[in-house]
Amino acid sequence: MLDVRRLQVLRAVVTSGSVTAAATNLGYTPSAVSQQIAALERQAGLPLLERVGRGVRPTAAGRLLTEHAAVIAQHVAEAETALADLRAGRTGRLAIRYFATAGAALVPPALARLRAEYPRVQVDLKLIEPGDQLAEVERGDADLALTVSPRERPRDGIRLVHLLDDPYDAVLPKGHRLAAKRVLDLAELADEPWVNNELSAGPCLERMLEACAAAGFTPNFVVESDDYATAQGFVAAGLGVTLIPRLGLGQRHPGVVVRRVRKPEPVRSIHAAVRETSLALPALVGLIEALRDAAKQ
């Protein structure tokens, strides 16, 4: 393979017209330049320069390689510029994964700020079921994922950045016997019919079931739904009660009331899972800060 540096030395000689002038421009000795050209000629298998008076001129092979050396130099300069832009966060691509309730509350304002601060950074945004986001980061398919804090420690190289703790509230039909209370003991809901709002097992359902178990009961699910809005509709119809994380109550059904619960208060911790190698990207650091600020609102 031809040595790229030697190609640039050849280009300098051809452009300046002599070994001595090229040596001066490059900061080399004439002997060092001559040695580089000789080595390149051995690689090429053809003479590259011929003497003309006190100077030199390229042979056909020398002209060919000089032209390619110019193209290579341009590509290297473009690569250096692109790398500098990436290092400074001016360009690049971020793959982000999120689950629905966190996405609705946190992602839109954070992405709006990211776009304002890093307009040339491309974003690959995808909705993932709760519990699957961490795997996307571990496989390297995502740079950042919003996730409910996993029970198990993530793999080496993955960092969890805490964003907020999201408590669950009780959702009751209007006119329910407990609706007049501002705060409910979770055990007061033990004998109620329940609406399940998480069809698939995952960290959000686990937090709810664990809290009910700590209060001494297992919820009697009589209706199942797969999202919080539908669950509220079932509750409003008087079919049961449920617990919904506060982030999932951004839009409340007019037929329900929402009350705090205690003893215990279920809480899910929401984190941004990131690959530690990605933390060198200024745009990713900026996105994490934007998510933190969105979580405070």
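Per residue, the chain exposes 52 Å² of solvent-accessible protein surface, assessed with a 1.4 angstrom probe and all protein chains in place. Figure note: 99, 221 ranked by solvent-accessible area, largest first, 1.4 Å probe, ligands and nucleic acids not counted: 221, 99.
Length, then width, then depth: along the principal axes, the Cα atoms of the chain run 107, 33, 26 Å. Listed by number, the DSSP H helices of the chain that run 24 Å or longer by alpha-carbon position along their axis and have mean Kyte hydropathy of at least 0.0 are 60-87, 100-117.
Taking the protein heavy atoms of region 39-179 in the context of the full set of protein chains, the accessible area attributed to carbon and sulfur is 51 percent at 1.4 Å. Seen from residue 172, the other residues with C-beta closer than 13 Å to its C-beta sum to a net charge of +4, counting Lys and Arg as +1 and Asp and Glu as -1.
Near residue 126: Cβ cut-off under 15 Å, other residues only, Lys/Arg at +1 and Asp/Glu at -1. The net charge is -3. The trypsin sites (Lys or Arg not before Pro) of region 15-105 that meet both conditions, a loop assignment by DSSP and at most 13 other Cβ atoms within 10 Å of the site Cβ, are 54. Surface composition of region 188-288: carbon plus sulfur atoms hold 51% of the accessible area, using a 1.4 angstrom probe and ignoring ligands, DNA and RNA.
Sorting 46, 284 by solvent-accessible area of protein heavy atoms yields 46, 284, largest first, with a 1.4 Å probe.
Rounded to the nearest 500, the helix-only mean residue ellipticity at 222 nm of the chain stands at -13500 deg cm²/dmol, with each DSSP H run of n ≥ 4 adding -39,500 (n - 2.57). Under 5 Å between amide hydrogens, built in the peptide plane, is the criterion, and for residue 99 it picks out 128, 146 among residues at least 5 positions away or on other chains. Of all aspartates and glutamates in the structure, those lying under 13 Å Cα to Cα from residue 126, and not within fewer than 8 positions of it along the same chain, are 136, 141, 143.
Put a dot 7 Å past the Cα of residue 200, heading toward its Cβ, do the same for residue 100, and the two dots end up 1.2 nm apart. Given a 1.4 Å probe and the protein chains as shown, residue 72 ends up with an accessible area of around 50 Å².
Charged side chains reduced to their Cβ positions (Lys and Arg at +1, Asp and Glu at -1) give region 49-174 a dipole of some 640 debye around its Cα centre. Distant-in-sequence amide contacts of residue 163, defined by a placed amide H-H separation under 5 Å and a gap of 5 or more residues or a different chain, comprise 270, 271, 272. Amide H contacts under 5 Å for residue 257: 172, 174, restricted to partners 5 or more places along the chain or on a different chain, H placed in the peptide plane at 1.01 Å from N.
The values are calculated or read from the model by the stated rules, or taken from the named source; none is laboratory data. From a predicted model like this one, the values you see are computed outputs, not experimental measurements. Backbone-built Cβ (ideal geometry, glycine too); neighbour counts: all protein chains shown. The area values use the complete protein model at the heavy-atom level, side chains included, leaving out ligands, DNA and RNA. Shrake-Rupley method; radii C 1.70, N 1.55, O 1.52, S 1.80 Å.
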